[in-house]
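Here it is: the structure, laid out below.
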Amino acid sequence: PQDAEDGKMVRLFVQAVSEGEGGIIIKLEGRAMIDQATGQITTTFKNNPQLPFNEFKLKLAGGPRAVLANPRTCGAVASNLDLTPWSTPFTPDVTPSYSFEIDQNCFGPQFHPSFVAGMPNIQAGAYGGFTLAFGRADNDEYLGQLTTTMPTGLLGKIAGIPLCEEAQAIAGLCSASSQIGTVEALTGPGANPFLVSGGHVYLTKGYGGAPYGLSIVVPAVAGPYTLSGTNGAGSVVVRAQIFVDEHTAQLRVVSGQLPSMLDGIPLQLKAVNVRIDKPQFTFNPTSCAKKSILGSLTAVEGLSSAVTDSFQVTNCASLAFKPSFNVSTTGKTSRANGAGLDVKLSYPSGSFGKYANIKSVKVNLPKQLPSRLTTLQKACTDAVFSQNPASCPAASRVGTATATTPILSDALTGPAYFVSHGGAGFPELVVMLSGDGVTVQLDGETFISKAGITSSTFRQIPDVPVSTFELKLPQGPNSALAANGNLCASTLKMPTAFTAQNGLVIHQTTPITVTGCPKHKAKKAGRGSRRK
């Protein structure tokens, strides 16, 4: 930046040749000093030869290769000149000024950016590259910031990718193993803006309160010029936050401020093209419902615009749906400690991309395993839970859950609570899962029929591949369930309904295994007995 301000970065060479043979050749060097705050250019030609002349004309060409651009606001502007004679200080300087009017395409402030995003491969559940492009016209305000919300189920596989550390991410020095894509930009006004290629997108550890981040690094190079960039080392580094919605697992990516000036030179960013093309990283949802990729672009000057692009995958019917579901309880129950329940769900090995994910689950517990009313009465209030689940009473914590997914390195674990939501008839069973910086909340509606049958319905399960899921509701003073009668003497069954993201439905009667029951001893035959 100091070189640009001191006139060492941009220079102007003028060669004047007289007519005829044996003429005079004059070469002049001018240094362009660029104001770092405004971008205004002051060019100085010092120590010009003491050769008298009547008129000097300098014309900088216009058109696509013009080196200058008009101001972006209409009205009167002025160019100032300071001519210093060789006879200074005896002869004063002459300081003429010339004014002209910017009076064409004066539309006032406007911002109507373009936005295109999607997956070229639209096979449901399949891997593919994700592309995103946004831009502006010359009359639009400068691009400043982008927020993008992905459709549900359009995710990335984090497992196996070493996340870039914060120090390297800020400096733009992430390793190639953290790279997930490329980026290029068009800068400058007119029909032929300058293409800046060779940019990279890196996946980083948590950034700005989000569980993950991006480091977007673009070389600040234009022909022979290497600008200082934002890191002082010739690169523009833009950080971004990646948030994960705890109810839907939707991704929301919030970029930092895009640069508008480097070394005093207005970039006039025209378009940005991002490609997330790391193999086996981005993958499609298993729902073929019509969705959208939403965005919000903000201009440097303050205007903003909501943008969107439609999104839909296909061939969902080709995905299988056969989750394995096992339920067990213990036969050793008591009035003090109630009953327990252990629920296990799993997908076949290698099912990622071949099976539809679960959308909803409904189970009906047998009448021998009713809800424990004394525990329901100790449910956490919605206000306390919404502020901080950890502040809920210990008695409202009725179980634990663990989930594994092929897209994260670590398992997600957490407690299960009874939560009371004001007007709801019965407290919900809410499962909080956390791992790898991600938190997912599963809400199960509770209903108790007049016959005492308890049902739990999880209506909105994220479109995320799951390898295994286990929910344990243990016995104890505040168990979620009670026991009616001797469970060892009963045949327990759980009517179950699974709905897949692709619309397939499985209705089954799941047997409940009762463990811990005493083994029956066979009676010995007496002397007078008959054997068959």
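The values are calculated or read from the model by the stated rules, or taken from the named source; none is laboratory data. For clarity, every value in this text was computed on a predicted model and none was experimentally measured. When we count neighbours, we look across all protein chains shown, and the Cβ atoms used for this are built from the backbone with ideal geometry, even at glycine. For the accessible areas, the whole protein counts, side chains as well, though only heavy atoms, and no ligand, DNA or RNA atoms are used. Shrake-Rupley method; radii C 1.70, N 1.55, O 1.52, S 1.80 Å.
Can you tell me which residue is most open to solvent (accessible area, probe 1.4 Å) among those in the stretch 129-138 that are in a strand (DSSP E or B) and more than 17 Å from residue 191 (Cα to Cα)?
131
Can you name the condition, by its number, that residue 359 falls short on among (1) outside any loop (DSSP other than H, G, I, E, B); (2) open to solvent by less than 20 Å² (accessible area, probe 1.4 Å); (3) not hydroxyl-bearing (Ser, Thr, Tyr)?
(2)
Can you pull out the residues in the stretch 400-433 that are surrounded by fewer than 22 Cβ atoms within 10 Å (Cβ to Cβ) and outside any strand (DSSP E or B)?
Scanning the stretch 400-433 gives 406, 407, 408, 409, 410, 411, 421, 422, 423, 424, 425, 426.
OK, next. Counting only residues that are at pLDDT below 95, assigned to a loop (DSSP other than H, G, I, E, B) and in contact with a Phe, Trp or Tyr (Cβ under 6 Å, 6 or more places away or on another chain), how many does the stretch 167-204 have?
Summing the residues that are at pLDDT below 95, assigned to a loop (DSSP other than H, G, I, E, B) and in contact with a Phe, Trp or Tyr (Cβ under 6 Å, 6 or more places away or on another chain) in the stretch 167-204 gives 1.
Right, something else. Name every residue in the stretch 301-323 that is at pLDDT below 95 and either within 22 Å of the chain's Cα centre (by Cα) or among the small types (Gly, Ala, Ser) (or both), in order of residue number.
Result: 302, single match.
Residue under question is residue 101, and the condition is that it be of a type in the set (D, E, K, R) and over 30 Å from residue 466 (Cβ atoms); does it hold?
For residue 101, the condition - of a type in the set (D, E, K, R) and over 30 Å from residue 466 (Cβ atoms) - is met.
For the condition open to solvent by less than 70 Å² (accessible area, probe 1.4 Å), touching a helix residue (DSSP H, G or I) at 6+ places or on another chain (Cβ under 6 Å), touching a residue at least 24 places away in the same chain (Cβ under 8 Å) and closer than 23 Å to residue 308 by Cβ, what is the one hit in 124, 117? Steps first, please.
Numbers: 117 fails: touching a helix residue (DSSP H, G or I) at 6+ places or on another chain (Cβ under 6 Å).
Within the list 124, 117, the selection yields 124.
In the stretch 93-114, which residue that is surrounded by fewer than 13 Cβ atoms within 10 Å (Cβ to Cβ) and not in a loop (DSSP other than H, G, I, E, B) is farthest from the chain's Cα centre (by Cα)?
If we take residues in the stretch 93-114 being surrounded by fewer than 13 Cβ atoms within 10 Å (Cβ to Cβ) and not in a loop (DSSP other than H, G, I, E, B), then 94 is farthest from the chain's Cα centre (by Cα).
For the stretch 223-238, what are the residues that are within 16 Å of residue 183 (Cβ to Cβ), in a strand (DSSP E or B) and open to solvent by 20 Å² or more (accessible area, probe 1.4 Å)?
The answer is 235, 237.
Can you find a residue that is part of a strand (DSSP E or B), touching a Leu at 6+ places or on another chain (Cβ under 8 Å), open to solvent by 60 Å² or more (accessible area, probe 1.4 Å) and more than 24 Å from residue 262 (Cβ to Cβ) anywhere in the stretch 35-47?
yes
Return the only residue of 477, 462 being closer than 21 Å to residue 155 by Cα and assigned to a loop (DSSP other than H, G, I, E, B). Break it down into steps so the answer makes sense when it comes.
Working: 477 fails: closer than 21 Å to residue 155 by Cα.
When all the criteria are applied, what remains is 462.
Could I ask something else about it? Restrict the check to the stretch 139-154 and report whether at least one residue is open to solvent by 80 Å² or more (accessible area, probe 1.4 Å) and in contact with a strand residue (DSSP E or B) (Cβ under 6 Å, 6 or more places away or on another chain).
no
Kindly check whether there is at least one residue in the stretch 315-332 that is in contact with a Pro (Cβ under 7 Å, 6 or more places away or on another chain), in a loop (DSSP other than H, G, I, E, B), open to solvent by less than 20 Å² (accessible area, probe 1.4 Å) and over 23 Å from residue 512 (Cβ atoms).
No, that holds for no residue.
Then there's this: Considering every residue within the stretch 167-176, establish whether at least one is over 20 Å from residue 235 (Cβ atoms) and out of contact with any Leu (no Cβ under 9 Å at 6 or more places or on another chain).
No, every residue in the stretch 167-176 fails to be over 20 Å from residue 235 (Cβ atoms) and out of contact with any Leu (no Cβ under 9 Å at 6 or more places or on another chain).
Table: residues versus (1) under 30 Å from residue 312 (Cα atoms); (2) at pLDDT below 95; (3) open to solvent by 90 Å² or more (accessible area, probe 1.4 Å); (4) assigned to a loop (DSSP other than H, G, I, E, B).
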| residue | (1), (2), (3), (4) |
| --- | --- |
| 471 | no, no, no, no |
| 488 | no, yes, no, no |
| 494 | no, no, no, no |
| 499 | yes, no, no, no |
| 510 | no, no, no, no |
| 520 | no, yes, yes, yes |
| 532 | no, yes, yes, yes |
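Okay, next question. If you take the residues of the stretch 1-34 that are in contact with a helix residue (DSSP H, G or I) (Cβ under 9 Å, 6 or more places away or on another chain) and surrounded by 13 or more Cβ atoms within 10 Å (Cβ to Cβ), which of them is nearest to residue 261 (Cα to Cα)?
34
Counting only residues that are surrounded by fewer than 16 Cβ atoms within 10 Å (Cβ to Cβ) and either at pLDDT below 95 or within 27 Å of residue 463 (Cα to Cα) (or both), how many does the stretch 155-166 have?
3
For the stretch 497-518: of the residues being touching a Lys or Arg at 6+ places or on another chain (Cβ under 6 Å) and among the β-branched types (Val, Ile, Thr), which is nearest to residue 327 (Cα to Cα)?
509
Identify all residues within the stretch 295-314 that are open to solvent by 70 Å² or more (accessible area, probe 1.4 Å) and in contact with a Lys or Arg (Cβ under 9 Å, 6 or more places away or on another chain); write none if there are none.
Residues satisfying the conditions are 310, 312.
Right, next: Given 29, 21, 55, which one is in a strand (DSSP E or B) and either without any contact (Cβ under 8 Å) to a residue 12 or more places away in the chain or acidic (Asp, Glu) (or both)?
Selected residue: 29, the only one of 29, 21, 55 that is in a strand (DSSP E or B) and either without any contact (Cβ under 8 Å) to a residue 12 or more places away in the chain or acidic (Asp, Glu) (or both).
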